[in-house]
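The structure appears right after this line, and notes come after that.
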Amino acid sequence: MRRDVTRACGIIGVSTQESDANLEIYEGLLMLQHRGQDSAGIVTTDRTRFHEHKGNGLVKDVFDSQDVLGKLTGSTGLGHVRYPTAGSSSVQEAQPFFVNSPLGIYLIHNGNLTNTDALRTLLNSSTSFFNRCMRTSSDSEVLLNVLADEIHRAHQRCLLEDACDPNRKKLDLVAEAVAATMKLIQGAYSCIALINGVGLLAFRDPHGIRPLVLGRRVGRRGEEWCVASEDCAFGPIGYERVRDVAPGEMILIDDGGNLVSRQCTPLVPATPCIFEYIYLARPDSVLNGISVYNFQLGLGTRLAASIRARGWDIDLVCPVPDGSRPAAIQISAELGLPYREGLVKNRYVGRTFIMPSQRLREVSVRRKLNAMPAVFQGKSVLLVDDSIVRGTTMRQIVDMVRRAGAARVYLASASPPVRYPNVYGVDMPNRGEFVAHTLSEEQVCGVLAADGLVYQSVEDLVGVGRELNPAIQAFDDSCFTGRYVTGDINETYMRNLEEAGRGKDRGFKRAGRAGAGDAPATIMA
């Protein structure tokens, strides 16, 4: 079950030759809705002006009529669905963001910058061409203004050179600006931008932490292109996966539909966020050459071996819907145990983490799931979940299954213990909210009131990914290990993040151990 963790955003850009891009962007956003449910936005261009609409809510609610979509004319555009990773949930924070100078630029961003404060200072200093003032607290707006500043800077340098015509060198100037932007910003970012008179721009951070995939379609007038967070967005609109955008790569599709690629930083193997494959991405997506579904099956195979070694007497395997199904199915097959769907999910209940109190969140969880005595009565049950984060929901599920008649309840987590924040675009920054932050596996089992608990090991987790794509040498596994691939995360950064209020008051309060999760962690760069 997708619960109590704020996920990354979803982005898509479309460049067509024959028709308006609005409906294709809308359909793509529906396929990416799992990546963000707080707000949605679309902007298109007809080469003479931009057309924008955005608001809070689901895609179908923000774009709730043909009139709204009909005003978004133009053959090129981009769209965004958002969960907040930095900033607030106000409609002002909804993307895309816009700056008028230079040229006119709209930008959308999936990820999280880790040096936002330093960048704000830079943009407000005398070294910035415009002494730029931000309208929001979003790091995406900061990123947009850094890019705009660097495009203007490249334009000015061109004017000072002999025989340099900025109008003829727009592509080169944008590539120069993207490379300069990548030198300034730190953290995770997959970005798509619309630049007036230039085209559709996409680029990815030098580590390739957040995903970005390129799709292609052949129309009557030539090639058409789509860039998105996940290639599951391509199917309904007829694009075929070409490849992942490389770490540090810039792709530009001009107004004529021509695609140009520039490597803006030295090319190194991607270090993708491994949490994408466990929790964030759809199972029908392929990210960094790895099938998400096959990855989750691999987790089940590895986890089955650990479960077998425990010697538990298990009657059946039951997934906690929906994210753990592939792993649970594979565990069932590996162990030769019946697979049963004993937890029924009510899909018409709102998200639990927005409830104003822990008590109301607990009530909401019980509305969302119901345990079937017909499955559990008298049985020794293995519950499989994709991850255990706070533990509050899982403890209620264990109690629910016992009340439905289970004799014993064992737990298996397809991921290792979550002990550290993921600062690269998954908003769970308060260490006090992780049930496993300061506890052993045995202690967590006691907190969850289970008869047994087994976690996936980090070695097996990473091993599955390497088997499926040997070219990937390492993953960002920071939420399990505290190792942050950008090398700029330390204890001071973490405490500043927590004191700023992100994740405040959402921590898991253990009986007799209130505040235990707030103990300092060792942050390894």
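Numerical summary
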| quantity | calculated |
| --- | --- |
| Which listed residue is surrounded by fewer than 18 Cβ atoms within 10 Å (Cβ to Cβ), out of contact with any Pro (no Cβ under 9 Å at 6 or more places or on another chain) and in a strand (DSSP E or B), from R243, R168 | R243 |
| Filter result for the condition that a residue is of a type in the set (S, T, Y) and either open to solvent by 60 Å² or more (accessible area, probe 1.4 Å) or over 30 Å from A233 (Cβ atoms) (or both), over S125, S140 | S125 |
| Every pair of residues 6+ apart whose Cβ atoms lie under 6 Å, when the first sits in the stretch 250-275 and is touching a residue at least 24 places away in the same chain (Cβ under 8 Å) while the second is assigned to a strand (DSSP E or B) and of a type in the set (S, T, Y) | I251/S261; I253/S15 |
| Within the stretch 452-472, considering residues that are assigned to a loop (DSSP other than H, G, I, E, B) and open to solvent by less than 20 Å² (accessible area, probe 1.4 Å), the one nearest to G311 (Cα to Cα) | Q456 |
| Count of the stretch 289-310 residues which are open to solvent by 30 Å² or more (accessible area, probe 1.4 Å) and over 20 Å from I209 (Cβ atoms) | 10 |
| Residue list for the stretch 394-415, filter: of a type outside the set (A, V, I, L, M, F, W, C) and surrounded by 23 or more Cβ atoms within 10 Å (Cβ to Cβ) | Y410, S413, S415 |
| Residue within the stretch 115-123 that is hydroxyl-bearing (S, T, Y) and without any contact (Cβ under 8 Å) to a residue 12 or more places away in the chain present | yes |
| The listed residue being under 24 Å from A327 (Cα atoms), without any contact (Cβ under 8 Å) to a residue 60 or more places away in the chain and open to solvent by 10 Å² or more (accessible area, probe 1.4 Å), out of A436, A449 | A449 |
| Residue within the stretch 32-47 that is touching a Phe, Trp or Tyr at 6+ places or on another chain (Cβ under 6 Å), within 19 Å of A228 (Cα to Cα) and assigned to a strand (DSSP E or B) present | yes |
| Qualifying positions in the stretch 197-222 - touching a residue at least 60 places away in the same chain (Cβ under 8 Å), open to solvent by 10 Å² or more (accessible area, probe 1.4 Å) and in a strand (DSSP E or B) | G219, G222 |
| Pick from the stretch 172-196, criterion open to solvent by 10 Å² or more (accessible area, probe 1.4 Å) and of a type in the set (S, T, N, Q), ranking: farthest from H109 (Cα to Cα) | N196 |
| Top-ranked residue of the stretch 145-163 - restricted to ones that are without any contact (Cβ under 8 Å) to a residue 40 or more places away in the chain and in contact with a Lys or Arg (Cβ under 8 Å, 6 or more places away or on another chain), ranked as surrounded by the fewest Cβ atoms within 10 Å (Cβ to Cβ) | C158 |
| Which numbered condition A449 fails, given (1) in a loop (DSSP other than H, G, I, E, B); (2) touching a Leu at 6+ places or on another chain (Cβ under 9 Å); (3) under 26 Å from W312 (Cα atoms) | (2) |
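Per-residue answers, yes or no, for (1) within 30 Å of F275 (Cα to Cα); (2) in a helix (DSSP H, G or I):
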{"residue": "V375", "(1), (2)": "no, yes"}
{"residue": "L383", "(1), (2)": "yes, no"}
{"residue": "V389", "(1), (2)": "yes, no"}
{"residue": "T393", "(1), (2)": "yes, yes"}
{"residue": "I397", "(1), (2)": "yes, yes"}
{"residue": "V401", "(1), (2)": "yes, yes"}
{"residue": "A406", "(1), (2)": "no, no"}
{"residue": "Y410", "(1), (2)": "yes, no"}
{"residue": "P416", "(1), (2)": "yes, no"}
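Matching residues to (1) touching a Lys or Arg at 6+ places or on another chain (Cβ under 7 Å); (2) at pLDDT 95 or above:
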site	(1), (2)
G257	no, no
F275	no, no
Y279	no, no
D284	no, yes
Q296	no, yes
A333	no, yes
K345	yes, no
T352	yes, no
R361	no, no
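The values are calculated or read from the model by the stated rules, or taken from the named source; none is laboratory data. Just so it is clear, the model here is predicted, and its values are computed rather than measured. Methodologically, a virtual Cβ is constructed for each residue, glycine included, from the backbone with ideal geometry; neighbour enumeration extends over all protein chains shown. Keep in mind that these areas ignore ligands, DNA and RNA; they rest on the heavy atoms of the full protein, side chains included. Shrake-Rupley method; radii C 1.70, N 1.55, O 1.52, S 1.80 Å.
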